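Worksheet: one structure, shown below.
The values are calculated or read from the model by the stated rules, or taken from the named source; none is laboratory data. Model, not experiment: these values are computed from the prediction. Counting neighbours? That spans all protein chains shown, and the Cβs are built from the backbone with ideal geometry, glycine included. Keep in mind that these areas ignore ligands, DNA and RNA; they rest on the heavy atoms of the full protein, side chains included. Shrake-Rupley method; radii C 1.70, N 1.55, O 1.52, S 1.80 Å.
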Amino acid sequence: MTFDELTQVKNPLFQTIHSLMMKQQTPLFKTFLRHQSKKGSQVIFFQRSTPQVQIGFDTEIPYIRDITNRIELQLDEETISKCHQLLKNQKTITRLNKDNKSIDQNLRDDFVAGNHRLIHNKPYLVYDIETTYATNNLRDAKFLIAYVINSDPDGTANFQHIPDIRAEQLFDYMLNFNGYIIGYNHVWFDNPVLGYNAGATDAQIQALQEKSLDPFLFLYQKLGRRVGLNALSKALVNIGKTLESGTEAEKLYNAYHQQGDEAALKELKKYCKNDVKMTLLVWLALVEQQKLRREGEEVTFTYEELIEWSQSHLTSSSTATSHEERQQKTIFHKS
């Protein structure tokens, strides 16, 4: 992020830098940087045994990274001067964090207010399902629960829980929805798995695919590698998953159905709902920012590229005639 972007959102970077400066007994930022540059090409500060902040002098433009919160600020001469002035005054830093909203809160408020609720004049659904462990045969995965949010500007934009007995109803609802379907890696997982559980035909699943937009596919093509939802969401909006893996979700489901553990069901619903929230916020962040930083390089794209490259037909093989065959050529499991 740029200095100006960082001063517009709630973030811990400036407070963290200021605390390090005080510990080093160097109240001026330029002096602090000069002292660190003498220690080597990279300097890492630890909080107990955990890396907290990295300062790098090994690139053309120095940088400082809040490793914990995944924030990087490039330190060109203008930025260094701005930081130098800002970090002189603890009250200014405190006021910025008090007055500003977090990145995710800004995105959520804009969405609730009606911004980015349509794609090419059509609403969209964002959804995620939880399943039992999936082997390479996605027909073996059992649908457990789902969450959905509808972007229709005339709606309430509330998250809706879908229990296991409503797989067919959910599939039919999305199939008949007059708009787009957004998920994360749902083209190669959620869509076919839900379809198989709902007893849908291959043609019906394909119809759902054709209205799907998948940011996972967009990034796979744009960056040339797979990026998991957890890593992307932490990087863009600083929100992560509530469980370590999908296998934990299956354990929670079993605890509820076999032992009547209501707390387990609550935790499972929280996990699935949070995945939908992460997917929605990632989509909104991509729409608003239209750029990514990868290994020090900025990758830009247009809104139309985001839409086009997220469409499932771009990844369909000309020789694959079924969903199973296309999955064999791409990705088996959710990210």
Length gain on complete extension for the stretch ARG226 to GLU262, per 0.36 nm per residue less the alpha carbon to alpha carbon distance? 9.4 nm
Accessible area (Å², 1.4 Å probe, nearest 10) - MET1: 70 Å²
How much net charge surrounds GLY114 when only the other residues with a Cβ under 13 Å from the Cβ of GLY114 are counted, with Lys and Arg +1 and Asp and Glu -1? -2
I'd like to compare 260-269, 188-197, 112-121: which one has the highest average count of other Cβ atoms within 10 Å, and what's the full order after that? 188-197, 260-269, 112-121
Give the long-range amide H neighbours of ASP128: residues separated by 5 or more places, or on another chain, with amide H under 5 Å away, using H modelled in the peptide plane at 1.01 Å from N. TYR147
Candidate lysines for bridging to LYS270, where Cα separation is under 29 Å - those fewer than 8 sequence places away on the same chain excluded: LYS10, LYS98, LYS101, LYS122, LYS142, LYS211, LYS234, LYS241, LYS251, LYS334
Rounding to the nearest 10 and keeping the result within 0 to 90°, find how far the Cα-based axis of helix 103-112 lies from the longest principal axis of the chain. 50 degrees
Helix-derived [θ] at 222 nm for the chain: sum -39500 (n - 2.57) over DSSP H runs of at least 4, divide by residue count, nearest 500? -13500 deg cm²/dmol
Apply the Karplus parameterisation 6.51 cos²θ - 1.76 cosθ + 1.60, with θ equal to phi minus 60°, to every residue of the stretch 146-161 and state each ³J(HN,Hα) to the nearest whole Hz, in sequence, with x for glycine and proline. 8, 10, 9, 9, 9, 7, 3, x, 7, x, 8, 6, 9, 7, 10, 8
Using only Cα atoms, find the angle between the long axis of helix 13-23 and the longest principal axis of the chain, and express it within 0 to 90 degrees, rounded to the nearest 10. 40 degrees
Got a sec? What order do THR132, THR201, THR242 fall in by accessible area at 1.4 Å, biggest, i.e. largest, first? THR201, THR242, THR132
Assigned charges on the beta-carbon of Lys, Arg, Asp, Glu; the chain dipole about Cα centre (debye): 1500 debye
Can you find, among LEU125, CYS272, ALA203, the residue farthest towards the positive end of the dipole of the chain? Put +1 on the C-beta of Lys and Arg, -1 on that of Asp and Glu. CYS272
Over all pairs of distinct alpha carbons, what does the Kirkwood formula give as the hydrodynamic radius of the stretch 82-231, in Å? 17.7 Å
Loop only by DSSP, 15 or fewer other Cβ within 10 Å of the Cβ. Give me the chymotrypsin sites (Phe, Trp or Tyr not before Pro) in the stretch 117-170 that pass, ordered by residue number. TYR133
Pull up all non-local amide H partners of ARG294: gap of 5 or more, or a different chain, and H-to-H distance under 5 Å with H placed in the peptide plane. VAL299
In order over the stretch 203-219: 3J(HN,Hα) from phi, Karplus 6.51/-1.76/1.60, θ = phi - 60°, whole Hz, x for each Gly or Pro, gives 5, 5, 5, 4, 5, 5, 4, 5, 9, 8, 10, 10, x, 4, 5, 4, 5
Compute the length gained on full extension between THR50 and LYS38: take 0.36 nm times their separation in residues and subtract their Cα-Cα distance, giving the result in nm to one decimal. 2.0 nm
How far is helix 77-86 tilted, in degrees, relative to the longest principal axis of the Cα atoms in the chain, given as a value from 0 to 90 rounded to the nearest 10? 80 degrees
Considering Cα pairs under 8 angstrom that are at least six residues apart, work out the relative contact order of the chain and quote it in whole percent. 16 percent
Would you pull out the residues with amide H under 5 Å of VAL53's amide H, same chain only if 5 or more places away, H placed 1.01 Å from N? PHE45, ILE67
I want the local charge near LEU286. Using Cβ-Cβ distances under 11 Å, sum +1 for each Lys or Arg and -1 for each Asp or Glu among the other residues. 0
Phi to ³J(HN,Hα) by Karplus 6.51 cos²θ - 1.76 cosθ + 1.60 over the stretch 284-294, Hz, x for Gly, Pro: 5, 5, 5, 5, 6, 7, 6, 6, 9, 10, 10
Going 7 Å from the Cα of GLN90 toward and past its Cβ, which residues in the stretch 15-34 have a backbone nitrogen under 11 Å from where you end up? 19, 22-23
Ordering ARG293, ARG108, ARG139 from largest to smallest accessible area (1.4 angstrom probe), what's the sequence? ARG139, ARG293, ARG108
Whole-number accessible area per residue in Å² for the chain, which is evaluated in the context of all protein chains at 1.4 Å: 49 Å²
Have a look at ILE239, ILE71, ILE80 and tell me which one the Gaussian network model of the chain (Cα, springs below 10 Å) gives the largest fluctuation. ILE80
Can you give the Kirkwood hydrodynamic radius of the stretch 1-98 from its Cα pairs, in Å with one decimal? 13.6 Å
Once the dipole of the chain is set up with Lys and Arg at +1 and Asp and Glu at -1 on Cβ about the Cα centre, which of VAL287, GLN85, ILE61 lies farthest towards its positive end? GLN85
Protein accessible area in the chain, 1.4 Å probe - carbon and sulfur %: 47 percent
Just the ratio, please: alpha-carbon radius of gyration of the chain over 2.2 N^0.38 Å, N its number of residues. 1.12
Report the gain in length on full extension from ILE61 to THR242: 0.36 nm times residue separation, minus Cα-Cα distance, nm rounded to one decimal. 61.6 nm
Which semi-axis lengths, in whole Å and largest first, follow from the square roots of five times the eigenvalues of the Cα gyration tensor of the stretch 238-290? 29, 9, 7
So for the pair LEU118, ASN178, with labels modelled 7 Å out along Cα→Cβ, what separation do we get in nm? 1.3 nm
